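So the structure is just underneath, and the comments pick up after that.
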Amino acid sequence: MKVTVDSTDHGKRVDKFVELKLKDMGFKQVTRSMIKDDIAQGVDVNGTEANPSYRLKVGDILEINRGYWEEFFESKDFSEDIEPEKGDLNILFEDNDLIVLFKPKGLVVHPGVGNRDGTLANYLKYYLQSKGEFDNSMDRAGIVHRLDKGVSGLMVVAKNKVVQEKLKKQFAQREVEKIYMADVEKFKSSELSLIEPKKIDKAIKQIEEGEINYDNWFEAKGYIGRDKRDRYKMVFKLYEFGGSKPAKSYILPLKDNKLLIRIVTGRMHQIRATLKYYGYYIKGDTLYNPNTRGNNSDEIMLESIYLSFKHPVTEEKISFVNID
């Protein structure tokens with residue numbers, strides 16, 4: 001969103017101006033204190049990163065990155081405001097402590113500013129309350145990790161605060177094993193594309209039997225940060241750069257233009273940014289397809305098919321495989 005400053009906003013601070021514009025864009029619960037530390041990441045003034053205390057002048061051109069702010073507000077915790085809402089849940093496993101479910105494409109995981117209902121968290125709160133099992137001390141209705149709106153697949157959800165904290169710790173310490181399957185298109189050659197694709201059935205059987213040898217997978221190790229030319233996106237590079245964080249994935253090429261991806265770190269858009277670096281984009285992904293210019297897609301051909309972790313109570317390793 002580009003805005004040219006006129007005389008009515010001359011002398012106004014950037015952070016105050018952006019607060020009002022974000023409210024106009026639908027982010028109704030935004031406050032200046034909430035966004036001031038992120039102004040530079042999500043707003044440019046005259047082509048450079050904005051200073052929140054800068055006083056606007058007539059003719060200044062502001063570019064407000066809607067994609068950045070959508071991601072920003074989606075990450076905010078509005079647990080106290082989650083309203084229970086009846087909705088479909090595809091539950092694959094449930095015991096007294098946790099739920100493993102399949103999230104469909106197009107479903108947002110938890111509420112954010114401007115997106116208060118129709119999310120997985122709303123559905124979970126209703127479901128657990130209807131059984132008298134909702135723990136009000138939990139954050140985000142028990143959710144401990146997320147999948148992007150356009151991504152489908154396996155998720156684990158806690159049913160009480162103790163289990164939630166233990167699961168969060170496993171994710172933070174990278175003890176949870178996650179594998180995704182992507183349908184892709186190649187747009188340039190790379191060292192990854194030179195690898196002989198494996199048979200899908202054989203690879204899936206190894207996953208189902210828990211016999212996964214990552215020594216045979218391609219290691220994609222580098223850094224991920226926000227793309228300076230298009231702040232809607234992240235970019236993967238082999239070297240560290242401003243604002244970047246370490247990122248590591250394992251990738252196994254399969255026949256029929258498919259890839260298996262295990263992410264070790266959990267960076268924003270890690271799979272999509274990494275694959276773009278190596279010459280692939282996921283089918284349906286208009287944001288990272290080099291031939292299109294668009295916002296995040298509601299559905300992309302990426303699915304979390306394998307989830308393995310230690311049960312927080314029994315301490316037994318449990319694994320789930322689901323291929324839609």
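Observations on the structure shown:
Conditions tested, residue by residue: (1) in contact with a His (Cβ under 6 Å, 6 or more places away or on another chain); (2) closer than 29 Å to G242 by Cβ; (3) at pLDDT below 90.
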{"position": "K28", "(1), (2), (3)": "no, no, yes"}
{"position": "D37", "(1), (2), (3)": "no, yes, yes"}
{"position": "V58", "(1), (2), (3)": "yes, no, no"}
{"position": "R66", "(1), (2), (3)": "no, yes, yes"}
{"position": "F73", "(1), (2), (3)": "no, yes, yes"}
{"position": "L92", "(1), (2), (3)": "no, no, no"}
{"position": "D97", "(1), (2), (3)": "no, no, no"}
{"position": "V100", "(1), (2), (3)": "no, no, no"}
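Per-residue answers, yes or no, for (1) farther than 26 Å from K202 by Cα; (2) touching a Ser or Thr at 6+ places or on another chain (Cβ under 9 Å); (3) modelled with pLDDT of 95 or more:
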| site | (1), (2), (3) |
| --- | --- |
| G222 | yes, yes, yes |
| R226 | yes, yes, no |
| K248 | no, yes, yes |
| L252 | no, no, yes |
| I271 | no, yes, yes |
| T274 | no, yes, yes |
| Y280 | no, yes, yes |
| R293 | yes, yes, no |
| I305 | no, no, yes |
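- Reported count of residues in the range 203-230, each being under 24 Å from the mean Cα position of the chain (by Cα) and acidic (D, E), is 3.
- When K258, K237 are checked against the criterion of being more than 24 Å from K149 (Cβ to Cβ) and either of a type in the set (V, I, T) or in contact with a helix residue (DSSP H, G or I) (Cβ under 9 Å, 6 or more places away or on another chain) (or both), a single residue qualifies: K237.
- Residues that are out of contact with any Phe, Trp or Tyr (no Cβ under 8 Å at 6 or more places or on another chain), crowded, with 17+ Cβ neighbours inside 10 Å and not aliphatic (A, V, I, L, M), drawn from the range 184-225: K198
- Test: residue in the range 196-211 that is touching a residue at least 12 places away in the same chain (Cβ under 8 Å), within 20 Å of S319 (Cα to Cα) and not in a helix (DSSP H, G or I): yes
- If only residues of the range 276-297 that are aromatic (F, W, Y) and part of a loop (DSSP other than H, G, I, E, B) are counted, the one that is nearest to G222 (Cα to Cα) is Y278.
- Of the strands (runs of 3 or more DSSP E) lying entirely inside the range 228-273, those containing at least 1 residues that are in contact with a His (Cβ under 9 Å, 6 or more places away or on another chain) span 234-237.
The values are calculated or read from the model by the stated rules, or taken from the named source; none is laboratory data. This is a predicted model, so every value here is computed, not measured. Heads up, the Cβs are rebuilt from the backbone with ideal geometry, glycines too, and the neighbour counts pull from every protein chain shown.
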